[in-house]
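The structure appears right after this line, and notes come after that.
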Amino acid sequence: MKMLTEMFSIAPANKDHHPALRCAVGVFVPLFTLVLLGRLDLAIFASFGAFTGIYGRGEPHGIRFALQLRAGLLMLLVILLAALAARTGGALGLDPAGTTWLLVLATTLVAGGCSVAIAWFRLRPAGSLFHIFAFAAIASIPNQPPLWEGMLVAALTTAFCLLIGFSSRILPSRRAAWSRPRPIRRTPDEKRAALLEGLGYLVAAGLAGALATWAGSRLGFGHNYWAMVAAVVPLVGHTTRHRVRRGVQRIIGTVLGLVVMAGILLLGLQPWQTVLVMALCQFGAEMFIIRQYLLAQIFVTPLALVSTLLVVPSSPTILLRDRIIETVIGAAVGIAVVLAPGAWRRFRGRTTAAPADVP
C-alpha cells in the first residue's frame, strides 16, 4: 500500500514552470523555423539538440551554463556518432537484420559510455536515457540528410538553448554573480559507483534491445530502441523501491499517454500545429518529471511519437502498438536488472548458511 501511495502521489511545486518554459521554447523555435524552411527532415536533429536545456534546471546562471555546455557537447557527440552509424550498415554491405543488430550493439555501448560520462561530470538528470533515445532514433532514420546539415542544425539548437539558459539575466531582478562550478574531485568510491552504474546501463539496454529485436523479428513489431530506453528508466533512484516504482510508472504513464496520442492523431494537425503540440508536451513533461514521473510520461509518450511521425511518416496504429509492447519489454527487463543483485545476495546467503544447519 505504501508503494502504491507513493506511485500516485505528487511532490509540491518548486517553480517548475521556469525550466519547463525554457525547454518548451528551446524545442518550439528551432522546429518552427524548420517548418518555415520546409526542412522537416532535419527536425530530429533539432529535437535532440534541444535536450541541452533540460540540464542544470535549478542552478544559478553561470553554473547552469557550464553544465549545459558539457551536456550539449556530449549530446552533439552522440548525434554525430548516430549519423555515422546510420551509414555504417550500408558501407559494410549488411542486410537489414544485420544492420539492426549492429545498431543494438552500438546503442548498448552508448548507454554504458554516456552513463559513465554523465556521472563523471555530475550532470542531472542522471543516466543516459536521452542519449540512448537520440542515438538510436537518429541512427534508425532510413533516408539520412547530408551530415553537415544535420550537425549544423543540432549545433545551432544547442547554442540557442544555451542562450535561453541565461536569458533571464536581462532582468535586473534575476541577475546574480556569475559563478562557475567548483572543480570536480572524484573519490575512489564515486569512480567505482560511476563504472558500476555504467555496467548496469550496459546490461539493461543490451538485454532489452536483444530481446525486443528477437521478439520483433518473429512477431512483426519494431522500434526496438524504445525497449532500450524503457529498460534504463528503473536504474535511476536511491532505493530498490524507488527504482521499481519508476518502471511501473513508465508502463502506466505510457498507456495513458497513448490515449492522449490517439486524440492528437484524430485532430489531423498541420506541421506547425504539430510543432506547437510538441512544445506543449515538452512543457508538461518538464513540469512534472521531478514531481510525478507517471504524470510526466503522459506528456513524454505523445512527444516521442509525434517527433517520430514528423520525421518518418508511418502508420499511427503501428506506432501505438510498438510503443506499448516495447515499453513493457524494456521496463520488465529494467526492473529485473534492479532486483537481480538483491536476489543473488539472498541466494548466496542461503547457500552459504545451509551447511551450518546440517547436524
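Values as computed for the structure displayed
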{"read-out": "The listed residue being in a helix (DSSP H, G or I), closer than 30 Å to Pro181 by Cα and either at pLDDT below 95 or touching a Cys at 6+ places or on another chain (Cβ under 9 Å) (or both), out of Gly58, Gly53", "value": "Gly53"}
{"read-out": "Some residue of region 351-358 being assigned to a helix (DSSP H, G or I), at pLDDT 85 or above and among the polar types (S, T, N, Q)", "value": "no"}
{"read-out": "Any hit, region 263-277, residues being surrounded by fewer than 16 Cβ atoms within 10 Å (Cβ to Cβ), touching a residue at least 24 places away in the same chain (Cβ under 8 Å) and farther than 28 Å from Val29 by Cα", "value": "no"}
{"read-out": "Criterion: charged (D, E, K, R) and assigned to a helix (DSSP H, G or I) - qualifying residue of Arg182, Arg192, Arg186", "value": "Arg192"}
{"read-out": "Residue check, Gln273 part of a helix (DSSP H, G or I) and within 27 Å of Ala231 (Cβ to Cβ)", "value": "no"}
{"read-out": "Members of region 74-89 that are in contact with a His (Cβ under 8 Å, 6 or more places away or on another chain) and surrounded by fewer than 23 Cβ atoms within 10 Å (Cβ to Cβ)", "value": "Leu74"}
{"read-out": "Single condition Gly112 does not satisfy, out of (1) among the small types (Gly, Ala, Ser); (2) in contact with a Gly (Cβ under 9 Å, 6 or more places away or on another chain); (3) open to solvent by 10 Å² or more (accessible area, probe 1.4 Å)", "value": "(3)"}
{"read-out": "Hey, Leu92 open to solvent by less than 50 Å² (accessible area, probe 1.4 Å), modelled with pLDDT under 95 and not polar (S, T, N, Q) or not", "value": "no"}
{"read-out": "Among the candidates Ile164, Ile138, Ile118, Ile132, residue that is in contact with a His (Cβ under 9 Å, 6 or more places away or on another chain), open to solvent by less than 40 Å² (accessible area, probe 1.4 Å) and β-branched (Val, Ile, Thr)", "value": "Ile118"}
{"read-out": "Unmet criterion (only one of (1) open to solvent by less than 10 Å² (accessible area, probe 1.4 Å); (2) at pLDDT below 95; (3) not charged (D, E, K, R)) for Thr100", "value": "(1)"}
{"read-out": "Leading residue by the ranking (surrounded by the fewest Cβ atoms within 10 Å (Cβ to Cβ)) among those in region 176-227 that are within 23 Å of the chain's Cα centre (by Cα) and among the polar types (S, T, N, Q)", "value": "Thr213"}
{"read-out": "Count - residues of region 202-261 that are small (Gly, Ala, Ser), without any contact (Cβ under 8 Å) to a residue 60 or more places away in the chain and not in a helix (DSSP H, G or I)", "value": "2"}
{"read-out": "Which numbered condition Val153 fails, given (1) under 20 Å from the mean Cα position of the chain (by Cα); (2) surrounded by fewer than 19 Cβ atoms within 10 Å (Cβ to Cβ); (3) over 24 Å from Leu235 (Cβ atoms)", "value": "(2)"}
{"read-out": "Qualifying positions in region 228-259 - hydrophobic (A, V, I, L, M, F, W, C) and either open to solvent by 60 Å² or more (accessible area, probe 1.4 Å) or touching a Ser or Thr at 6+ places or on another chain (Cβ under 7 Å) (or both)", "value": "Met228, Ala230, Val232, Ile251, Val255, Leu256, Leu258, Val259"}
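Matching residues to (1) aromatic (Phe, Trp, Tyr); (2) open to solvent by 60 Å² or more (accessible area, probe 1.4 Å); (3) within 30 Å of Leu280 (Cβ to Cβ); (4) not in a loop (DSSP other than H, G, I, E, B):
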| site | (1), (2), (3), (4) |
| --- | --- |
| Thr308 | no, no, yes, yes |
| Ser314 | no, no, yes, no |
| Ile318 | no, yes, yes, yes |
| Gly334 | no, no, yes, yes |
| Val338 | no, no, no, yes |
| Phe347 | yes, yes, no, yes |
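Quick grid of which residues meet (1) open to solvent by 60 Å² or more (accessible area, probe 1.4 Å); (2) free of Cβ contacts under 8 Å to residues at least 40 places away in the same chain; (3) within 25 Å of Ile184 (Cα to Cα); (4) more than 16 Å from the chain's Cα centre (by Cα):
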{"position": "Pro12", "(1), (2), (3), (4)": "yes, no, no, yes"}
{"position": "His17", "(1), (2), (3), (4)": "yes, no, no, yes"}
{"position": "Val27", "(1), (2), (3), (4)": "no, no, no, no"}
{"position": "Leu31", "(1), (2), (3), (4)": "no, no, no, yes"}
{"position": "Tyr55", "(1), (2), (3), (4)": "no, no, yes, no"}
{"position": "Arg64", "(1), (2), (3), (4)": "no, no, yes, yes"}
{"position": "Gly72", "(1), (2), (3), (4)": "no, no, yes, no"}
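The values are calculated or read from the model by the stated rules, or taken from the named source; none is laboratory data. Quick caveat: nothing in here was measured; it's all calculated off a predicted structure. Virtual Cβ from ideal backbone geometry, glycine too; neighbours counted across all protein chains shown. Please note that ligands, DNA and RNA were not included when accessible areas were found on the heavy atoms of the full protein model with its side chains. Shrake-Rupley method; radii C 1.70, N 1.55, O 1.52, S 1.80 Å.
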